[in-house]
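Just so you know, all these numbers are worked out from the coordinates, no wet-lab data involved. Note that the coordinates shown come from a computational prediction; the quantities given were computed from them, not determined experimentally. Here the Cβ is made from the backbone with ideal geometry for all residues, glycine too, and neighbour counts use every protein chain on show.
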Amino acid sequence: MASTTDKVRRLVIVLGDQLDPEADFGDDFDRDRDAVLMMEVREEATYVPQHKIRLALFFSAMRHYRDRLEKKGLRVLYSELTDRNNRGSFDAELGRWINKTRAKSLAVRRPGDYRVLEKLEAAADKAGLELERLPDPHFLCTVDEFADHAAERKTLLMERFYRWMRKRYDVLMDDDQPVGGRWNFDADNRKSFGKDGPGKIKAPRSFRPDDITKDVLAMVAAEFPDSPGTLEHFDYPVTHEQARQALKDFIKHRLANFGDYQDAMATGYPYLYHSRLSCVMNLRMLHPMDAIRAAEDAWRNGDADLATVEGFIRQILGWREYIRGVYWLKMPDYLDGNALDADVPAPDFLWTGETDMNCVHQSVEQLKDHAYAHHIQRLMVLGLFCLVAGVRPREVHDWHMSMYADAIDWVSLPNVLGMSQYADGGFLATKPYCASGNYINKMSDYCSGCRYNPKKTVGDDACPFTTLYWDFLSRNRQRLANNHRMGLQFKNLDRKSDADRRAIREQAQAIKEGLATRAYFAASG
Ligand code: FAD
Ligand code: DLZ
Ligand code: SF4
């Protein structure tokens, strides 16, 4: 193998979320003359503060991937974070490698982040080289196909896109009809746990750090002591083999109950029946079609019923691909969306968990420990609070990029700005996901351990979610008046007396002022 200082004809850049198992670096990749370039750069770890688990996951998975490629005989140029010469950002580091190798051409798959694409293009431009775009084997719908799909329709609906994808890939189909006669079993998937709680659930398979991961954990602890979160519980899959084991574990132990309890929450159960596969899919250690086919096989073998399997497949074949399509359709303008003019700064307790709202406290504590919260905690606790309080959507997105191991811009941004904060004015979600504390009370056990009462709107023990929910409806009455899916909620608002509305407005105002000073939410403990 050539040494790292030899000249290179072509540099193929592989980013931290591009660790595809069947790496194909283009038809004309020449092992003797070309090299793969991977860069650990400080800027990606600090442009927003990043959870320590997230940092360890990316660096460890990247180093394992480097070793995998080298074992296959590929030449890999790799910048470790603490290398003396590392220039610390993608553009500067790419410039350094271009100079060093006198590369004649550059290639990359579409990055998962518009910001990164701009940086790479700027560095290529500066060196007078073209940045060729390699085909992308990971996603099931290309950016162009999605744009065509969108162009053919007046309104873009996830459900329609999903049915198209089901037919296209022949997933859960009987000829051209959905198996079981229905496309969607969502209505069957909304159980909560009774008063006895969830009982015994097998947690996702845990992967003990090997030597590479141990080195990375030590590096992250030393280099980023002030990053949020803790490394104590790091047990994520960091190789393709481990990703496959994680999938197998989910199919065997949790898929059968995934659908029923998809929307439920319970204290002390970070994962419930969820798969925890988003990280391995987003870093591309697992292909989404492998997860889809494994779930479909479980149904065909009688190991899981159709409702649960359809529910799981819809998340990946439907939502995941749809979200990515929306990102590339709408970037870069999407980032600035703020359709509801939300202007409250993101509260500190999103990082610290120090609040006496038990649902928020539990969800953030779990985030600090695992860099993970499941979908309903994201949407109907943490996202919901920010929505009804009117927190600036961009700050919610930045916080999300900080705290979740699975956050990549293409998936975090539309989910946060669009689905959860309605900042795109309803492009992605047909109505805001707004609700009072009663929803959280119905779907979790959080309220029984909380000093607030989810049923109360005003007064010392009124649940802040409930106060802010009614205030949210009042504030946005005009803006959302034409949204027929909000009709019932506004009808209920109209039943409130003027005096009630005044009291709600005053209490909501006090909560929001408290968010800035944190006085209102002093931790109870
Ligand atoms: P499961 O509940 O087991 O679901 C299976 C898979 O379906 C997931 O692994 C994921 O790949 C896919 N999926 C489900 N819902 C979505 C969705 N809305 N968009 C894209 N994929 C989906 N997912 C991310 O991967 N990264 C993010 O940064 C992210 N940010 C989110 C922010 C908010 C406010 C919300 C509401 C959702 C976000 N999601 C994000 C989607 C979803 O919540 C996570 O994919 C899921 O919680 C990950 O846990 P899991 O692997 O156990 O998922
Ligand atoms: C999240 C992350 C981190 C922490 N570090 C790196 C890195 O050092 N090198 C890298 O290639 N990618 C990293 N990433 C992922 C990037 O922030 C970004 O999400 C991807 O480059 C998008 O394709
Ligand atoms: Fe959350 Fe309100 Fe329930 Fe407390 S009462 S846990 S703040 S929803």
Legend entry - lysines with Cα under 30 Å of Lys191, excluding same-chain neighbours fewer than 8 positions away: Lys167, Lys200, Lys202, Lys248, Lys252, Lys368, Lys431, Lys442, Lys455, Lys456, Lys491
Inset, instruction - Could you check what % of the DSSP bridge pairs in the chain are antiparallel, to the nearest 5? - result: 10
Legend entry - 0 to 90° range, to nearest 10: angle between helix 288-300 axis and the chain longest Cα axis: 60
Inset, instruction - Please give, to one decimal in nm, the separation of the simple spin-label points placed at Arg153 and Arg96, each 7 Å out from Cα toward the Cβ. - result: 4.6
Legend entry - In the range 158-263, trypsin sites (Lys or Arg not before Pro) in a DSSP loop with at most 11 other beta-carbon atoms within 10 Å: Lys195, Lys200
Inset, instruction - Please give the helix 358-370 orientation as an angle from the longest Cα principal axis of the chain, in degrees from 0 to 90, rounded to the nearest 10. - result: 10
Inset, instruction - Determine which aspartates and glutamates satisfy two conditions relative to Lys214: a Cα distance under 12 Å, and not lying fewer than 8 residues away in the same chain. - result: Glu232, Asp235
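By how many nm would the segment from Asp67 to Asp348 lengthen if fully extended, with 0.36 nm per residue of separation less the alpha-carbon distance? Don't skip to the answer; put the middle values down first.
Details: separation 281, 0.36 × 281 = 101.16 nm, distance 3.98 nm.
Fully extending the segment from Asp67 to Asp348 adds 97.2 nm.
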Inset, instruction - For the range 465-477, just list the computed ³J(HN,Hα) in residue order, Karplus coefficients 6.51, -1.76 and 1.60, θ = phi - 60°, integers in Hz, with x standing in for Gly and Pro. - result: 4, 6, 4, 5, 4, 5, 5, 4, 4, 4, 4, 9, 3
Legend entry - Mean ellipticity per residue at 222 nm, deg cm²/dmol - from DSSP H runs of n ≥ 4 across the chain, formula -39500 (n - 2.57): -12500 deg cm²/dmol
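Are there chymotrypsin sites (Phe, Trp or Tyr not before Pro) in the range 17-75 that DSSP marks as loop and that have at most 16 other Cβ atoms within 10 Å, and which are they? Can you show the working numbers first?
On the way: sites: Phe25, Phe29, Tyr47, Phe58, Phe59, Tyr65; in loops: Phe25, Phe29, Tyr47.
Those that pass, being in a loop and sparsely packed, are Tyr47.
If exposed GluC sites (Glu not before Pro) are those in a DSSP loop with at most 13 other Cβ within 10 Å, what is the longest stretch of the chain that has none? Spell out each step's value before the answer.
Details: sites that count: Glu22, Glu130, Glu152, Glu232.
Answer - 233-525.
Work out, step by step, the length gained on full extension between Glu121 and Ala203: first 0.36 nm times the residue separation, then minus their alpha carbon distance; give nm to one decimal. Don't skip to the answer; put the middle values down first.
Details: separation 82, 0.36 × 82 = 29.52 nm, distance 4.23 nm.
Extra length from Glu121 to Ala203 when fully extended: 25.3 nm.
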Legend entry - Rounded to 10°, Cα long-axis angle of helix 240-253 versus longest principal axis of the chain: 30
Inset, instruction - Return the whole-Å distance between the Cα centroid of the range 118-154 and the Cα centroid of the range 256-283. - result: 31
Inset, instruction - Give the distance, in whole Å, between the Cα centre of the range 71-91 and the Cα centre of the range 495-513. - result: 56
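So which trypsin sites (Lys or Arg not before Pro) in the range 387-454 end up in coil per DSSP with only 16 or fewer other C-beta atoms within 10 Å?
Numbers: sites: Arg394, Lys442, Arg451; in loops: Arg451.
Passing both the DSSP loop test and the Cβ count: Arg451.
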